[in-house]
Amino acid sequence: MTDAFFTCQKNVLLAKSPSTQIESDFAATRGRLVPEEQEALLQQWLEEGAGNLPASESVPAARKASLTLTSGWLEGSELLMTSLSDLNASPEVTQCADQQLSDLNTLASSELQDHAVDEPARLPAEETVTLAGSASWAAVVPQTDHQAAGCAAVSVEVLKDDPAVLAWSLAQDAETVPPVLPGQPIQDAVPFYPVPTEVPYHEILWRDWEDLSVQPCVLEQVSKNPPLFEFRVMSYNILAQDLVEQGLDLYVHCHPDILNWNYRLPNILQEIQHWDPDVLCLQEVQENHYWEQLEPTFKEMGFACFYKRRTGTKTDGCAVCYKHSRFQLISLSPIEFFRPGLDVLNRDNVGLVLLLQPVLPEGLGLKAVTPLCVANTHVLFNPRRGDIKLAQVALLLAEIDKIARTAEGSYYPVILCGDLNSVPDSPLYKFIRNGELSYHGMPAWKVVSGQEDLSQQLYSRKLLAPLWPSSLGVTDKCQYVTLCQPKKLGRREYSRDFLLQFRFCDAACERPPQLVLVEGVTDAKPAASAREHSAVTAVLKRHNALSFLGKQCSGVIQHGLNLTSVYSHFLPQRGRPEVTTMPMGLGATVDYIFYSAEPVESKAGEFGSRRLYKDGALKLLGRLSLLSEDVLLMANGLPNPFCSSDHLCLLASFGLEISSL
């Protein structure tokens, strides 16, 4: 019955969605369940689970309950879609629900007298929950591993004819709440509070869709600009099951059953299906789960999928999926941050960078949309190794620079998703958003994460320039050395053999007066020895290397991608910061969606070092609101029976300008 409750709760959430497709599915479900089908489904469910029922619960009793309450099915479903405040304010509905419950109890007691037995045995997996104003009901806890062994194949369709949902609706006419799962205290952490029995999970964790296209500044831009190619992007750390089992001490506040993968997977898939993103960036995707369950399911949903497992012995990685009806792949670039022999890049984190071409619908004529670069990564967690995090992000930005750069030297629109394990006021966040960071002499713990304050340590690690050696091939502007010097337009190239034909001509033998004299190179001698030539070449190489190191030794790194965050990281209506995860009862924002924008010029020092942006070719149209720490504490943190990951998903809607050819 617990499974039935959570499925029913999910249906309530879907029913509240503005999506016309979900509403039509829900309406069709209610209209199609005629009394005969309800009774047949309930009978099938009882026959399948007859071996698990107590002796006191017989099929005839349940059948009579079905016949008695079938007429009230539509009223019961309406109650499920009604908020608690509306229920409390409506005495007619409450009286009707109490009357139906009273009829059910009377019918059940009379049937028990006809089928009385000596001391009926209770199931060990059964829990009794008492609700205010109603009789006790039995809730069966979610399946364990051996019970759900045959649940490898997961259906992503909404369960329209689920017998468990039907049985729950017949036994529950008024809106009820789940049993409060036992929690355990966590030392040195914010205490977790049990959920109030009068408020269901979906009421606590409700997230609003913020339509940013209705703002005056956005409306003005949209009205002046060409039509838009609209799409949704989701970033979601889904919590790899191996990491759960390796760190169970992080989830002592959770009931063990809600940590089971067979319980979490349907919740995660249903959440993704409900929000219906066009581009999906996932982190902590376990490899065997991806190939056996996630990729087949996503392909059925119309996604093309790409996966990169972490290097070394790690079993999880990152995945990027996009709907092939909306995008076509131009290029794919997996990136590994591990570099043998480099202490600053000795961890197994990875990333993915894709260049996608939007697919326009037919009938638009000669129209075109610029390609879109999508990047996804999961940066190192260790709060004390900010140097590694910074180097990983610099390497990712260099790869984005290579993929998103156009032939003219500008950039295609970029969307960067991922778990960066850094908070919004950290230097790493400011580096991504403002495009510059002076890191020399900064404590490693402070550089990036901001997750821990280690200022009291006597010998904290400090970052020194250069952060990485020149052998990495990445400049201080987060560009590959081979790509950072664009070719000059109009410059002709000649082969060495062609130029050697003119080495003895009169013009070649005359040294300009302003030219520096270098023996055997810039003098008037017809030839130079091989030894002298080698010495000059070595000097020039050393000069170039010192020039590169001179830039690196400044301790300042930059990038030119002009990225800003989808979220503001603060909830003005609650006066609290947004959070995307809640380790050990402490809320924090570590997950982000950055996107390309145009910087706004401002007076020097007017906003400090914070760069201001406005929408460019890529426009932010909407986003799914986040929650605050106090709200998640009311739901006993993350994960919980409603949210099956220790991170919240991020969702944003964008628009790309459609131009004429």
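The values are calculated or read from the model by the stated rules, or taken from the named source; none is laboratory data. All figures in this text were calculated on a predicted structure; none of them were measured in a lab. Calculation scope for accessible area: heavy atoms of the full protein, side chains included, ligands and nucleic acids excluded. Shrake-Rupley method; radii C 1.70, N 1.55, O 1.52, S 1.80 Å.
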Open item on the list: Under the rule of at least 5 residues apart or a separate chain, name every residue whose amide H is placed under 5 Å from the amide H of residue 589.
Closed with: 580
Open item on the list: Show me, for segment 412-424, the HN-Hα J-couplings you get by feeding each phi into the Karplus relation (A = 6.51, B = -1.76, C = 1.60, θ = phi - 60°), rounded to Hz, glycine and proline as x.
Closed with: 5, x, 10, 10, 10, 10, x, 9, 8, 6, 8, 8, x
Task: residue 438 accessible area, assembled protein chains, probe 1.4 Å, Å² - done: 70 Å²
- [ ] Please calculate the 1.4 Å probe accessible area of residue 322, with all protein chains present, and give it to the nearest 10 Å².
- [x] 10 Å²
- [ ] Enumerate the amide H contacts of residue 478 below 5 Å, restricted to partners 5 or more residues apart or on another chain; note that Pro and chain-start residues carry no placed amide H.
- [x] 558
- [ ] Determine how large the accessible area of residue 476 is when every protein chain is in place; take a 1.4 Å probe and give Å² rounded to the nearest 10.
- [x] 20 Å²
- [ ] Could you pull out every residue, at least 5 positions away or on a different chain, whose amide H is within less than 5 Å of the one on residue 621? Hs are placed 1.01 Å off N in the peptide plane, and Pro or chain starts have none.
- [x] 653, 654, 655
- [ ] Can you sort 327, 306, 338 by 1.4 Å-probe accessible area, starting with the largest?
- [x] 338, 306, 327
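What percentage of the solvent-accessible surface of segment 303-368, computed with a 1.4 Å probe over protein heavy atoms, is contributed by carbon and sulfur atoms?
The nonpolar share, carbon plus sulfur, comes to 53 percent.
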Open item on the list: Output wanted: per-residue J couplings in Hz (rounded whole) for segment 269-280, from phi through Karplus 6.51 cos²θ - 1.76 cosθ + 1.60, θ = phi - 60°, x for Gly and Pro.
Closed with: 5, 5, 5, 5, 5, 5, 7, 6, x, 8, 10, 10
Open item on the list: Could you tell me the relative contact order of segment 223-380? Use alpha-carbon pairs under 8 Å, at least six residues apart, and round to a whole percent.
Closed with: 19 percent
Open item on the list: On a 1.4 Å probe surface of the protein chains, which of 261, 275 comes out largest in accessible area, and what is the full order?
Closed with: 275, 261
Open item on the list: Given a 1.4 angstrom probe, I'd like the percentage of the accessible area of segment 554-661 that is carbon and sulfur, rounded to a whole number.
Closed with: 53 percent
TODO: With 22 Å as the limit, write out which pairs from 308/477; 430/477; 323/430; 389/477; 402/614 have Cα-Cα distances beyond it, or answer none.
DONE: 308/477; 323/430; 402/614
Task: Order of exposure, largest accessible area first, which applies to 310, 496 with probe 1.4 Å - done: 496, 310
- [ ] Please give the per residue accessible area of segment 235-301, computed with a probe of 1.4 Å over protein heavy atoms only, in Å².
- [x] 34 Å²
Task: J(HN,Hα) series, segment 583-588, from Karplus relation 6.51 cos²θ - 1.76 cosθ + 1.60, nearest Hz, glycine and proline x - done: x, 6, x, 10, x, 7
